[in-house]
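Just below is one structure, and these are the notes that go with it.
The values are calculated or read from the model by the stated rules, or taken from the named source; none is laboratory data. Being a predicted model, the structure only gives us computed values, none of them experimental. With ideal geometry, Cβ positions are generated from the backbone for all residues, glycine too; neighbour counts draw on all protein chains shown.
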Amino acid sequence: MLETLDLTIRFGGHVAVDAVSCRFEPGTLTAIVGPNGAGKTTYFNLISGQLPASAGRVRLDGEDITTLPAPLRTRRGIGRAFQLTQLFPNLSVLENVRLAVQARCGGGLELFRVWLDRKAWLDEAADLARQVALGDKLDQPAAALPHGDQRKLEVAVLMALDPKVYMFDEPTAGMSVDDVPVILDLIRALKARRDRTILLVEHKMDVVRELSDRIIVLHNGRLVADGEPAAVIASPVVQQAYLGMAADEEEAAA
């Protein structure tokens, strides 16, 4: 279980995330939506440890992890995919995923163990790469991949870590129409396991409607709505804050 309690960050006089309290249960997918600048990615950064909170707390399975840096939060089970890919550009697809598998398994610098376990790590890495439709690009450097394939590779790396909490920040942004279903199918499969907490920042409302069990809405850094997708999307505060001019234009056209 992941929980934020009055989580806040200030940049000078600007409050980017304002006392957001939320609880996220295992087996659920929560979509976090809101207009540009609402604080969605900043909220993600506070949860995953990329930014230090000005106030409030982050708890995972009852443990206060507010002061832990991002690498230690990852070890505790928080996995994050970013809007901009975070890969080893000069390493191959297979090696990027293999390093994540090795990190999860605790493979350090003990050379004899690394030698014995390497084949198992490589086999698992290759299988994960195939799951994201990169099985034919195992030897290609990450930097040589098109943007859509880099996004798929980052998801494979995240899956290799097998975290308790999966955090996807616009996972399909910049992807071709043909690539999007691969990522959505993987998220559906993770959700179907019912043993992981999934957080999703996404602008595509059709994706949000289909995948989410719950939607929370941020606006100017504040939590303004929280509930089942149909009810939240239909609420006046969301129509104004999130859909904004688009909703007004649809009404005028009607």
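The table that follows gives values for the structure above.
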item	result
Failed condition for Asp195, given (1) of a type outside the set (S, T, N, Q); (2) touching a helix residue (DSSP H, G or I) at 6+ places or on another chain (Cβ under 8 Å); (3) not in a helix (DSSP H, G or I)	(2)
Residues of region 206-223 satisfying the condition of being in contact (Cβ under 8 Å) with a residue 60 or more places away in the chain and either over 19 Å from Tyr166 (Cβ atoms) or surrounded by 22 or more Cβ atoms within 10 Å (Cβ to Cβ) (or both)	Ser212, Ile215, Ile216, Val217, Leu218, His219, Asn220, Gly221, Arg222, Leu223
Within region 152-191, tally of residues that are in contact with an Asp or Glu (Cβ under 8 Å, 6 or more places away or on another chain) and under 22 Å from Gly49 (Cβ atoms)	5
Region 93-105 residues that are in contact (Cβ under 8 Å) with a residue 24 or more places away in the chain, paired with ones that are of a type in the set (D, E, K, R) and surrounded by fewer than 21 Cβ atoms within 10 Å (Cβ to Cβ) (beta carbon under 7 Å, 6 or more apart)	Val93/Lys137; Leu94/Asp139; Val101/Glu124; Arg104/Asp162
Cross-chain or 6+ apart pairs with Cβ under 6 Å, region 225-241 first and under 11 Å from Ala31 (Cβ atoms) and in contact (Cβ under 8 Å) with a residue 40 or more places away in the chain, then of a type in the set (Gly, Ala, Ser) and surrounded by 12 or more Cβ atoms within 10 Å (Cβ to Cβ)	Pro229/Ser212
Among (1) at pLDDT below 95; (2) crowded, with 19+ Cβ neighbours inside 10 Å - the single one Ile47 does not satisfy	(1)
Residue satisfying condition, being at pLDDT 95 or above, surrounded by 14 or more Cβ atoms within 10 Å (Cβ to Cβ) and under 19 Å from the mean Cα position of the chain (by Cα), within set Thr74, Thr66, Thr41	Thr66
Ala125 within 18 Å of Arg104 (Cβ to Cβ) and in contact (Cβ under 8 Å) with a residue 24 or more places away in the chain	yes
Enumeration of residues in region 198-213 that are outside any helix (DSSP H, G or I), out of contact with any helix residue (DSSP H, G or I) (no Cβ under 7 Å at 6 or more places or on another chain) and among the charged types (D, E, K, R)	Lys204, Asp213
Index of the failed condition, Ala120 passing every other in (1) aliphatic (A, V, I, L, M); (2) modelled with pLDDT of 90 or more; (3) exposed (fewer than 15 other Cβ atoms within 10 Å of the Cβ); (4) over 27 Å from Asp178 (Cβ atoms)	(2)
Residue list for region 160-174, restricted to those being out of contact with any strand residue (DSSP E or B) (no Cβ under 7 Å at 6 or more places or on another chain) and at negative phi	Ala160, Thr172, Ala173
Members of region 170-186 that are outside any helix (DSSP H, G or I) and either hydrophobic (A, V, I, L, M, F, W, C) or modelled with pLDDT of 90 or more (or both)	Ala173, Met175, Val177
Unique match (being more than 25 Å from Gly34 (Cβ to Cβ), surrounded by fewer than 18 Cβ atoms within 10 Å (Cβ to Cβ) and not hydroxyl-bearing (Ser, Thr, Tyr)) among Ala160, Ala156, Ala129, Ala143	Ala143
Enumerated helices (runs of 4 or more DSSP H) restricted to region 1-112, each holding at least 1 residues that are among the basic types (Lys, Arg) and closer than 23 Å to Val207 by Cβ	40-48
Test result for Gly12, without any contact (Cβ under 8 Å) to a residue 24 or more places away in the chain and over 19 Å from Val157 (Cα atoms)	yes
